[in-house]
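Asks: Pasting in a structure now, in structure tokens, and then I'll have a few things to ask.
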Amino acid sequence: MSCGEPHDTDCSEVLSEVWLFLDQECDVKRKQLLQQHLEECHPCLEQYGIEEHLKALLARKCGGEHAPQHLKERLRARIQETLIQHGSVEVRTTTVRIVEE
């Protein structure tokens with residue numbers, strides 16, 4: 001996705017990292033770049049708002065339940081496989097952290 005406007009950070013890159021931004025799992029520099037883009041780009045800000053509402057809804061509806069350990073491990077492994085296959089995202093560690101709220 002692209003809004004057609006020039007940005008320091010591409011729209012598709014921002015949208016692919018929106019959950020990292022929502023979960024406060026990106027470093028300070030990356031957070032600032034994403035925040036700046038969201039402030040400049042209305043279509044991305046709208047998509048961010050949808051994702052933010054989805055996260056809040058999931059927290060309300062599924063807040064007390066925790067995923068079984070074997071599911072977490074399967075998800076971590078699948079996420080790592082996908083990231084390595086696509087090669088578009090840099091994997092900095094061999095562990096993917098799933099945060100439960």
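The values are calculated or read from the model by the stated rules, or taken from the named source; none is laboratory data. It should be emphasised that the depicted structure is a prediction, and the values quoted were computed from it without experimental measurement. Neighbour counts are summed over all protein chains in view; Cβ atoms, including those assigned to glycine, are modelled from backbone coordinates with ideal geometry. Side chains included, ligands, DNA and RNA excluded: accessible areas come from the protein's heavy atoms. Shrake-Rupley method; radii C 1.70, N 1.55, O 1.52, S 1.80 Å.
Asks: Quick one: Gln24 ticks every box in (1) more than 12 Å from the chain's Cα centre (by Cα); (2) on the phi > 0 side of the Ramachandran plot bar one, so which box is it?
Replies: Among (1) more than 12 Å from the chain's Cα centre (by Cα); (2) on the phi > 0 side of the Ramachandran plot, the lone unmet condition for Gln24 is (1).
Asks: I would also like to ask the following. Taking the residues in region 12-33 that are β-branched (Val, Ile, Thr) and open to solvent by less than 80 Å² (accessible area, probe 1.4 Å) as candidates, determine which candidate is nearest to Gly49 (Cα to Cα).
Replies: Val18
Asks: Only one residue in Ile79, Ile84 is exposed (fewer than 12 other Cβ atoms within 10 Å of the Cβ), at pLDDT 75 or above, of a type in the set (Val, Ile, Thr) and out of contact with any Ser or Thr (no Cβ under 8 Å at 6 or more places or on another chain). Which one?
Replies: Ile84
Asks: Filter region 34-53 down to the residues that are out of contact with any helix residue (DSSP H, G or I) (no Cβ under 9 Å at 6 or more places or on another chain) and either free of Cβ contacts under 8 Å to residues at least 24 places away in the same chain or β-branched (Val, Ile, Thr) (or both), then identify the one that is least open to solvent (accessible area, probe 1.4 Å).
Replies: Gly49
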